[in-house]
Amino acid sequence: MDRSQGGTEPFRSGFHRKNEPSGRPAPLSRELLNDLTPAQQEAVTTIEGPLLVVAAAGSGKTRVITRRVAHMLSSGIPGGSILALTFTNKAAGEMKERVEALRPGSGVWLGTFHSLCARLLRQYGKAVGLDPGFTIFDTQDRLKAVKQILVPHEELVDHLNLSADKIDNIISRAKNDLSAPVPGLSSIDREAEEKLLALVYREYQELLRRQNAADFDDLLTSTVELLKEHPVIRRELDHRFRYIMVDEYQDTNLAQYAILRGLNAEVKNLCATGDPDQSIYGWRGANLNNILEFEKDYPGCKVVKLEHNYRSTKNILAVADHLIKYNKKRKPKQLLTSNPGGSPIRVTTYGSERNEAEGVADHIVRLIRSGKYKAADIAVFYRVSALSRTLEMAIKQRAKLPCQIVGGVSFYERTEIKDILAYAHAAMNPKNNIALARIINTPTRGLGKVALERLADYAKTRGIPLAEACRQASAVPGFKDRIIATVRDFIMMLDELKHHSETDPPAEFIDRIRRETGYQAMLDSLPDAEAKERTDNVLELITAARQFEADSGESNASVRDFLEQATLSSAVDRWADDGGSITLMTMHAAKGLEFPVVFIVGLEEGILPHHRAKESPSEMEEERRLLFVGITRAQKELYLSHCRVREFRGSRSATIDSPFLRELPFDCVERVNLADESTSPGGYWSEGGYSRPRTPGLGGTGYSSGRSPYAGSAGPASRASQDPYGPISKPALSETRPRIMTAGDLARAHAAKSGQAGATASTAAPVGPGRPDPADFRIGTAVAHPAYGVGRVVSLEGNGPKAKAKVRFATRGEVSFVIALSPLKVLPGRNSGV
């Protein structure tokens, strides 16, 4: 069988696989099970059939996964038939190390979804229009391409209040949702925006095709297409990977869900491990229903709950458990531990963001001076990166302590690293215009802006890649002999590099680029300090390539595989405990990590929870899950803080405390007020309890009957009787205060404007036979509307006859409906599987 149409050649080594071991399988070692709890043992030894492992934070999930792999190998299952998937290269690397320590040379497939899809498409890509040598566009490459496409449409983009970043995000989200890009409800001209998005999407995909490239999202969507449209290949892979394990299943999106459905359609040995309470990536397409409805997708599956936490103190877990019980969309479980009670969780009120940053810095100094902790034991989390500036300044300048910010300008996004990798990409893929345009005059070769524009115009009018235009330099109008010679020398250099890329190990090839392109000479010409820093970064890239060779085995390490790993790297993958720095990071980036001491700042409305979540119960639940994740990173001590006045997004204003502070159990929390009471415009914590605002008209907590209006459920049953603060009256609103429109209001306003008001949810709609049952709806359900056509449910709100659904239509965008009163019809199938 032709390779491109589904041959049986194994994947290359980059996906953490080694040669299959020979000889008989090792006997099952009782050591694999001796130190596990009964629940962990059940998860490890359940091999056949679908299995859902609901793993609480800090419950030893990674140990269970690696022991389960080792147990399968000991039982005689070949490593090549076991596939283990996770979401970061760092997690995959740690898993690989543990498996190798237990069963060296096992041949198990370990990696990320994107790594798996890249390998599949290298082997089978021709079946979906991709040449095996395709380039992977990173996020910067993709954004640059979108910006190029938008140049002729700048006026329209401005009119629609859009930007290249927004359009890029819309396209990415659409791909992960396996749908067409559509405007949001806030669009000021939906029809014009729909046409622009369709045009940009079409031209962007055409650009990728011409350059033999795929972006991160295409790796997933092309694999879905491969499995859906080529049943022979799908069946081969289904039977190749007979045992599949997925870590962090709650973070899978619809495309990843579809891939998994395709890979275990016949051999249903899927083990999904995750925790609905830690689902925090809905904003980038993660579908919580994938894990909540696992038992519906796989009837008769076994469910094992890992509820014992080995990480945190009893007090930290009590706070986390009490908070998360306010959420409705979850799988109930308890957080149990045999760890000591530990210190109370401290909630501190500061006067301003500067007071908060300095207070955190001073507290860190005291902790380190006490001798109990070193700098690397301490982390500071925040909801948005904008809060990091004052914290970094306070820690470095006031406390005189080193700190590292995770998620800033990453190593692989530095100019010199992007340049060197662009040389490699341009040499190996002559169709990659983005890479070639970056380095054709870097270092400078005397090619001015006019010359480069003429070259680009020549390539565009003839429909050829830039590299081919360089070969035809003598035919480019206006090119003089000097320019022609320069361009030809450049393309000859790339040809030479391409030749070496096929034989050089990765580190040698990167070093060759540094030396032979003139790049190092350019760095040497810079001022001493800058030259040293940038040279050190390039040398670090060579070190990374050598490490890749060592990890892969020198005979298996290829330049292409190294470039792929570098492109797929993430901020958390590059984070390392350097032993001497305090870590500053967003709570999203902190997922999967743990620290003895954690500070979480900015617990205020508009920050945590984020301002976008106020009108959406599902988004509010995700914000609560985000705080839960932050809390459960702490091992021994946890500090929460907020301030009364904050300068944020260019303006200074009074704040309102996060409603989540009201959901913490009072008996585990110590409250400290370090703010001047006269500056408080709203409720705040103090030693004596929760204080009412002095001037309600200025703003208030919005609390009523002792509950946050944002809470997703009634919370713990004993909540009302425990609350020592009593009910807090909702402040009177000024008559001039503008009304905040909900998503439903906007949908109805849009429908009325377009003459289709009757098609949106309305309490006047008749109720009777033929109306849909809300119980049939879930996120991802395909539905039909008599006027809008086919769409997909993207969010749900409420229960029973008042349940609402937001549906995304290709023709009308997102529209909200009261399900029981709507003309929607559920279509058979989920439309997200294969």
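A few comments on the model shown:
- Residue check, residue 200 in contact (Cβ under 8 Å) with a residue 24 or more places away in the chain, outside the structural domain of residue 120 (by TED's automatic domain parsing) and either of a type outside the set (A, V, I, L, M) or crowded, with 18+ Cβ neighbours inside 10 Å (or both): yes
- Residue 422 vs. criteria free of Cβ contacts under 8 Å to residues at least 24 places away in the same chain and among the small types (Gly, Ala, Ser): yes
- Candidate set: segment 416-442, residues that are surrounded by fewer than 21 Cβ atoms within 10 Å (Cβ to Cβ) and in a loop (DSSP other than H, G, I, E, B); chosen: the one nearest to the chain's Cα centre (by Cα): 442
- Selection from segment 7-63 of residues that are on the phi > 0 side of the Ramachandran plot and either outside the structural domain of residue 242 (by TED's automatic domain parsing) or at pLDDT 70 or above (or both): 49, 58, 60
- Evaluation of residue 362 against the conditions (1) surrounded by fewer than 20 Cβ atoms within 10 Å (Cβ to Cβ); (2) touching a Leu at 6+ places or on another chain (Cβ under 7 Å) shows that the sole unmet condition is (2).
- Candidate set: segment 632-671, residues that are assigned to a loop (DSSP other than H, G, I, E, B) and surrounded by fewer than 24 Cβ atoms within 10 Å (Cβ to Cβ); chosen: the one modelled with the highest pLDDT: 664
- The residue list 59, 75 contains one member that is out of contact with any strand residue (DSSP E or B) (no Cβ under 8 Å at 6 or more places or on another chain) and in contact (Cβ under 8 Å) with a residue 12 or more places away in the chain, which is 75.
- Under the condition of being surrounded by fewer than 19 Cβ atoms within 10 Å (Cβ to Cβ), assigned to a loop (DSSP other than H, G, I, E, B) and in contact with a helix residue (DSSP H, G or I) (Cβ under 6 Å, 6 or more places away or on another chain), the residues counted in segment 773-813 number 3.
- Annotation note: of 119, 98, the sole residue that is in a helix (DSSP H, G or I), under 22 Å from the mean Cα position of the chain (by Cα) and on the phi < 0 side of the Ramachandran plot is 119.
- Residue in segment 251-265 that is buried (at least 22 other Cβ atoms within 10 Å of the Cβ), charged (D, E, K, R) and more than 29 Å from residue 432 (Cβ to Cβ) present: yes
- Considering each residue of segment 156-173 in turn, at least one proves to be among the aliphatic types (A, V, I, L, M) and under 17 Å from the mean Cα position of the chain (by Cα).
- Residue 412 of a type in the set (Phe, Trp, Tyr) and closer than 29 Å to residue 369 by Cα: no
- Filter pass, residue 207 being crowded, with 16+ Cβ neighbours inside 10 Å, within 17 Å of residue 140 (Cα to Cα), in contact (Cβ under 8 Å) with a residue 12 or more places away in the chain and not assigned by TED's automatic domain parsing to the domain that holds residue 465: yes
- Considered as a group, the residues in segment 337-359 that are part of a helix (DSSP H, G or I) and not acidic (Asp, Glu) include one that is surrounded by the fewest Cβ atoms within 10 Å (Cβ to Cβ), and that residue is 354.
- Among the residues making up segment 298-317, those that are at pLDDT 95 or above and either assigned to a helix (DSSP H, G or I) or of a type in the set (Asp, Glu) (or both) are 314, 315, 316, 317.
- Residues being modelled with pLDDT of 85 or more and surrounded by fewer than 19 Cβ atoms within 10 Å (Cβ to Cβ) - total across segment 522-533: 3
- Among (1) over 21 Å from residue 83 (Cα atoms); (2) assigned to a helix (DSSP H, G or I); (3) not aromatic (Phe, Trp, Tyr), the one test that residue 183 misses: (2)
- Filtered by the rule that a residue be in a helix (DSSP H, G or I) and surrounded by fewer than 20 Cβ atoms within 10 Å (Cβ to Cβ), segment 378-411 gives 385, 386, 389, 392, 393, 396, 397, 398, 411.
- Verdict on residue 485 being free of Cβ contacts under 8 Å to residues at least 12 places away in the same chain, farther than 26 Å from residue 207 by Cα and in a helix (DSSP H, G or I): yes
- Among the residues of segment 367-394, those identified as among the aliphatic types (A, V, I, L, M) and more than 14 Å from residue 353 (Cβ to Cβ) are 367, 368, 375, 376, 378, 379.
- A residue that is buried (at least 17 other Cβ atoms within 10 Å of the Cβ), modelled with pLDDT of 95 or more, of a type in the set (Phe, Trp, Tyr) and part of a helix (DSSP H, G or I) occurs somewhere in segment 273-295.
- From 131, 138, residue being farther than 26 Å from residue 228 by Cβ and in contact (Cβ under 8 Å) with a residue 24 or more places away in the chain: 138
- Lone qualifier among 816, 832 - being at pLDDT 80 or above, under 24 Å from residue 178 (Cβ atoms) and polar (S, T, N, Q): 816
The values are calculated or read from the model by the stated rules, or taken from the named source; none is laboratory data. Predicted, not measured: the structure shown is a model, and the values here were computed from it. Reconstructed Cβ throughout: ideal geometry from the backbone, glycine too, with neighbour counts over all protein chains shown.
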